[in-house]
Amino acid sequence: MAGGWAMLPILICSAVALAIVLERCWTLRRRSVLPPGLGEEVRTWARSGQLDPNHLATLANGSPLGELLAAALAVRNRPRELIKERIEDTGRHVVHRMERYLNTLGTIALIGPLLGLLGTVVGLIRMFMEVMRGGVGDPMKMAGGIGEALICTATGLIVAIPAYVLHRYFRSKVAGYCVEMEKQATELLDELTFNQPAAARPRTARTTESSAG
């Protein structure tokens, strides 16, 4: 109430920022993004060759890493470049979802101090207009009016500083996840394009020798 009408958008921004932070903390848990042991498990599935569409759908819906690996497995019989292209395309969509709402959080961190400054300036203008109409009067009342006007700036900074810190934190967290997901996808790509053909050549040779015999 002391800060005036500009406090309302600041409080709305604080509520939105809090909701985004809670949602991103839950969504970007490490276990939900990079389930432990999933990469090795998927490479074992690839070596066994026992993969069906239902299995891939379950994998893709389980986690962002699972979605990325399932995209590679869906085209596992294609050339390496096509598999890599599919991984990159899927990765862009996965990263976009992991960064959801972070731009909004960054915007709140930017406009919070501006809204506070706007409320302060409007309050000071109103106070000086009253001084022009009625004179200086009691200096204590004038000092109190300045203090009330500065409440907006302080509140805006209180909202903006944590929002900015958490925005940078989530960005860094997503970037770290991307590096680890890229590593897992590369290992699966090598498994699909290098190891399986190498394992298949001896079987083909033995089959040829058996036919010749």
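The values are calculated or read from the model by the stated rules, or taken from the named source; none is laboratory data. As the structure is a prediction and not an experimental result, all values here were calculated from the model. Note that each Cβ is placed from the backbone with ideal geometry, even for glycine, and that neighbours are counted across all protein chains shown. Calculation scope for accessible area: heavy atoms of the full protein, side chains included, ligands and nucleic acids excluded. Shrake-Rupley method; radii C 1.70, N 1.55, O 1.52, S 1.80 Å.
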- prompt: Whole-Å semi-axes of segment 6-194's equivalent ellipsoid, largest first, each the root of 5 times a Cα gyration tensor eigenvalue?
  reply: 56, 12, 11
- line: Note, Tyr169: beta-carbon cut-off 15 Å, +1 each Lys/Arg, -1 each Asp/Glu, net +4
field: Whole-Å semi-axes of the ellipsoid equivalent to segment 1-102 (Cα gyration tensor, √5λ, descending)
entry: 41, 14, 9
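Sum up the charges of everything whose Cβ sits under 14 Å from the Cβ of Gly91, counting Lys and Arg as +1 and Asp and Glu as -1, but leave Gly91 out.
Working: positive: Lys84, Arg86, Arg92, Arg97, Lys183; negative: Glu67, Glu85, Glu88, Asp89, Glu99, Glu180, Glu182.
Overall, the nearby charge balance is -2.
If you roll a 1.4 Å probe over the heavy atoms of the protein chains, what accessible area per residue do you get for segment 16-119, in Å²?
57
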query: Say the dipole of segment 6-194 comes from +1 at the beta carbon of Lys and Arg and -1 at that of Asp and Glu; which of His93, Ile146, Thr193 then lies farthest toward its positive end?
result: Ile146
query: Roughly how many percent of the accessible protein surface of segment 20-82 is carbon and sulfur, given a 1.4 Å probe and a whole-percent answer?
result: 54
